[in-house]
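Some notes on the structure that comes next.
The values are calculated or read from the model by the stated rules, or taken from the named source; none is laboratory data. This one's a predicted model, so the numbers in the text were calculated from it and none came from an experiment. Glycine also receives a Cβ, built like all others from the backbone with ideal geometry; neighbour counts cover every protein chain displayed. Accessible surface is based on the protein model in full, side chains and every heavy atom, while ligands, DNA and RNA are left aside. Shrake-Rupley method; radii C 1.70, N 1.55, O 1.52, S 1.80 Å.
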Amino acid sequence: MVAGDQSDPVDVLIIGAGPGGYVAALRAAQLGRSVTLVEAARVGGVCLNEGCIPSKQLGRFAAAKAAVERLAVAGMPGLAGAPDLLAFHRQSREAVTTLVKGVELLLKGAGVVVVKGEARFVGRTRVCVQVGEESVRYFDFKDVVIATGSEPISVAELPFSGDRVVTPSQALQWDRLPASLLVVGDDYVGLEIAVAYSRLGSQVMMAVPGDRLLPDFDADLSAVAMRGARIARVAVRLNAAPKDDPTCERVVVSAGRRPKLGVLDLAAAGIGRSAGPLVVDAQLRLDRHVFAIGDVTPGLLLAHRAMMQGRVVGEVLGGRNAALDATAFPRAVFVEPEIASVGLTEEAAAASGREISVGRFPLMALGRAVIEPGTHGFAKLVFEAGGGPLLGAHLAGPRSTELIAEMALAIEMGATAEDLALTVHAHPTFAEALMEAAEVSLGRPIHVRPPRPPAT
């Protein structure tokens, strides 16, 4: 069969069934469009099958072991024996399968047609899908959404072998704990893997290319990430060149990700592009009938960002006047302690030319943190000066990855320091730190000493 032979007309074609693609499919279908969704592997994409869900499961598994060990001084019996990764992976696969089946049922219920295969453009309105080794299908679309996600970046000094030198996703599949592990990189993905395996019992070293972990986070969060990594017994080398260490049994290279666009043949669709992500407008358009969402577009590579973009595209495809507002995309890092951030860092807020006020509340002054125990952290809120609106929030400590949702809502709603300070938070909870940090920014804290006025 050739491109001019029989093809199937489709209304909306979405290429990629990850968090962005399947959400776009569901929303467009809800609004009356007929949707065909093409996926080369499994519904849910990298996030559900290889990344977000499996990595957080491993982190939770390792954190449970660390929590029991910390409670030994309070009388909690210790754990007997080494972690059983085979049993862990059985449970992990069951959880992933449950989630995948749930998404598949939602798509089926919405009338979305799912086609398994590798897609590429063969014309401005035509896509070829390789559905088997010797079988292809052609689809002529009215609208198309590119949601093919991203792929790991390799480094020349440490090419991926699939065995000893691996991607972060492959590191989540090991059925045996490595005695020693080298993690190359400075991002949250590598840090989560390093902390998890160290907590489980591996001897872990991180080779960081710059002078701080999490370099795109607030500087105070970078500092607490460094302290936390060392508390978790991760040996961190700063300003380290990416090179092999033959004494390490395994190596994970976490050097970031790039848009996965190589197989699409965008030129065949008349889509010109320079190197890098696809630049889209506020409605995620590349062209009149061509959209792109998720990791193939500029910005943070986050599943929840892709999902929101998917909602927006679904609305636009359904005839609604929707657009993406990228004001507050929270980020969550599941390490020691948990780290979360939303909005502007202190450095970025100050550089914007606005006068700012920062409220920082240490968890060591919080009742719930002392009980837990979980005093290694803080809540740091950045406001416009004079009791103005919240510009950014940076949290470190237990439940931070949940508490950040309140801060994202506060930014979206334009909440001021006074709004947060006067919102009653239950006691004793970690959420109280948010209220207390707002009080600090206003110069009227109760549970810590007032900040010293700046020197004149």
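Average accessible surface for the chain: 47 Å² per residue, computed with a 1.4 Å probe over protein heavy atoms with every protein chain in place. Ranking 430, 383, 283 by Cα position along the charge dipole of the chain, where only Lys, Arg, Asp and Glu carry charges on their C-beta atoms, puts 430 farthest toward the positive end. Sorting 247, 167, 375 by solvent-accessible area of protein heavy atoms yields 247, 375, 167, largest first, with a 1.4 Å probe.
The alpha carbon centroids of segment 139-153 and segment 276-303 are separated by 10 Å. Pairwise Cα distances in segment 62-122 exceed 15 Å in 72 percent of cases.
Using only side-chain charges placed at the Cβ, +1 for Lys and Arg and -1 for Asp and Glu, the dipole size of the chain relative to its Cα centre rounds to 400 debye. Round to the nearest 10 and give me the degree value, 0 to 90, for the angle of helix 85-109's Cα axis relative to the longest principal axis of the chain. So the inclination is approximately 50 degrees. Can you give me the Kirkwood hydrodynamic radius for the chain, using every pair of distinct Cα atoms, in Å to one decimal? Value: 23.9 Å, from the Cα pair sum. Spatially, segment 105-133 and segment 370-430 are offset by 43 Å when compared through their Cα centroids. Averaging the Cα positions of each part gives two centres, and for segment 55-103 and segment 189-208 these lie 16 Å apart.
Against the main long axis of the alpha-carbon atoms of the chain, helix 303-317 sits at an angle near 40°. Cβ distances below 4.7 Å define possible disulfide partners, and in the chain the cysteines left without one are 128, 248. When you restrict to C-alpha pairs under 8 Å that are six or more residues apart and normalise by the size of segment 367-456, the relative contact order lands at 27 percent.
Charges were assigned to the Cβ only: +1 to each Lys and Arg, -1 to each Asp and Glu. The resulting dipole of segment 59-155 about its Cα centre is roughly 220 debye. Surface composition of the chain: carbon plus sulfur atoms hold 55% of the accessible area, using a 1.4 angstrom probe and ignoring ligands, DNA and RNA.
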